[in-house]
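The values are calculated or read from the model by the stated rules, or taken from the named source; none is laboratory data. Since we're looking at a predicted model, the values are computed, not measured. Neighbour counts run over all protein chains shown; Cβ positions are idealised from the backbone, glycine included.
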Amino acid sequence: MVLRCCVTVVCCALASAAWAQEPAPAAAAPPRTILVMPVKTTNVQEQAARQVTMLLAESLSGRPELKILTMEDVQQLATHEQMRSLMGCDSNLSCVAELSLGAGADQVVSASLGRIGKQYTLNAALVEAKTANVVNRVGVTADDLPGLPDAVKQLVARLMGWSAETPAAGTFKLPTGKKVSLAVMDLVANGVDATLTQNLTQVLSSEVKRVDGTSVISKDDIEAILQMQATKAMAGCDEASCLAEIGGALGVEKLVVGTVGKLADANVVSLRLISVKDTTVENRVTESFRGPEEQLIRAVKQAARKLLGVTVTRPGALSISCNEDNAQVFVDGNAVGNVPLPPVESLTAGVHQVEVRKSGFLAWAGEVYVEPDDTSAVWAALEAVPLRWYQRWWVWSIIAGVSAGAALGALALVGATTVGGAGAIGAWTSRPPETGSVGVSIAE
């Protein structure tokens with residue numbers, strides 16, 4: 001049974017009789033709720049399916065007429081409410097009933113990801129939850145895992161009937177003039193080491209705390225409060241005011257949740273901002289890049305700013321070094337000089353494409369994050385172009401050895417043939433036939 005405990009009270013004051021005579025404006029239609037189910041897999045790693053689930057939800061998000069949820073969003077809200085209950089804050093559990101919102105979703109997106117040879121296939125269906133009727137069914141393909149993000153966008157546009165000209169959603173902004181309380185939940189590891197996500201959660205909490213107008217509580221803060229509660233109980237501090245103070249610490253308005261994972265050779269950071277009051281995912285962002293793991297720190301910071309609608313105008317710089325002098329450097333496709341070279345200045349904060357080239361070496365390419373008021377360092381290790389098989393010294397050594405052996409063998413064969421042949425001819429011409437043998441007379 002799905003319980004709902006949401007009551008909306010609307011009070012209207014009429015300023016004049018003229019206003020009373022005008023028809024009341026039509027109430028805005030409530031957003032349509034779409035639940036994105038976990039993507040099913042066939043011959044594909046589970047971590048790839050999880051990333052595609054997040055990509056599907058992000059591609060559907062950002063439209064006021066839609067409310068997008070995943071099962072992971074619901075689970076995060078359930079975890080938050082369980083923490084509130086543990087803290088003694090069980091007087092406002094109306095949102096617990098909303099955790100079964102998935103059963104009351106208007107529509108459901110069900111998708112499957114498979115692999116045939118080297119090609120990936122992604123199929124999705126949009127289903128009416130109440131009638132189980134399929135509204136639309138779409139399939140797309142990708143040549144490799146890195147091509148899946150673009151394939152997901154194409155699939156969602158076709159599934160929802162959106163044209164390519166449909167304008168992108170506006171940038172999310174936090175409400176102004178008030179303090180917004182947030183809880184930063186632990187980032188979930190998806191194909192990466194769990195200790196990595198623990199460290200990145202700290203980075204995320206620090207970056208969110210830097211945003212003006214926010215009050216942030218992290219998992220470490222929650223654990224510290226729980227420990228304080230146990231200590232106060234042991235000390236006899238059981239006044240209602242103490243419990244209210246501790247319980248109110250988790251009375252946050254929004255949750256910041258997310259995952260860190262891999263999709264082929266790309267690192268992916270996905271973050272969501274969830275409203276605790278109405279279980280709405282207010283914003284979703286994804287940062288993906290191909291580069292060293294150290295870039296995840298900057299990727300998390302960039303994702304946090306985008307999630308909260310923070311626009312950074314201050315530029316940064318990029319310092320590029322290489323193991324080969326005089327290699328040519330390109331940033332975002334533009335030549336910036338040869339190494340060694342000074343830092344590239346006045347770059348916008350965010351991810352940039354870097355490529356280093358030198359004749360006789362394989363080109364180095366990667367994506368690098370630039371932080372405002374900071375210089376990001378890049379080390380490009382160029383590798384020599386592998387020699388072709390006929391350019392390798394050992395091939396020619398073998399060929400030389402074979403050739404020498406063949407030559408000696410040929411000379412021996414020729415010598416044997418010559419000596420043997422000459423003897424045979426001499427025998428026929430000068431040696432008299434043996435007694436009892438049939439001889440052939442050769443006229444002089």
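Return the residues of segment 293-344 that are among the basic types (K, R) and surrounded by 17 or more Cβ atoms within 10 Å (Cβ to Cβ); say none if nothing qualifies. Reasoning before the result, please.
Going residue by residue through segment 293-344, those that are among the basic types (K, R) are 298, 301, 305-306, 314.
Selection gives R298, K301, R305, K306.
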Residue in segment 320-330 that is in a strand (DSSP E or B), modelled with pLDDT of 90 or more, of a type outside the set (S, T, Y) and touching a helix residue (DSSP H, G or I) at 6+ places or on another chain (Cβ under 9 Å) present: no
Considering residues of segment 188-211 that are in contact (Cβ under 8 Å) with a residue 60 or more places away in the chain and part of a loop (DSSP other than H, G, I, E, B) only, the residue surrounded by the most Cβ atoms within 10 Å (Cβ to Cβ): V192
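Conditions tested, residue by residue: (1) touching a residue at least 60 places away in the same chain (Cβ under 8 Å); (2) touching a strand residue (DSSP E or B) at 6+ places or on another chain (Cβ under 9 Å).
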position	(1), (2)
G117	no, no
L122	yes, yes
G139	no, yes
A142	no, yes
P146	yes, yes
K262 crowded, with 17+ Cβ neighbours inside 10 Å, modelled with pLDDT under 90 and not in a helix (DSSP H, G or I): yes
Selected residue (criterion: farthest from the chain's Cα centre (by Cα)) from residues of segment 112-161 that are of a type in the set (S, T, N, Q) and over 18 Å from L60 (Cα atoms): T131
A377 being exposed (fewer than 12 other Cβ atoms within 10 Å of the Cβ) and modelled with pLDDT under 90: no
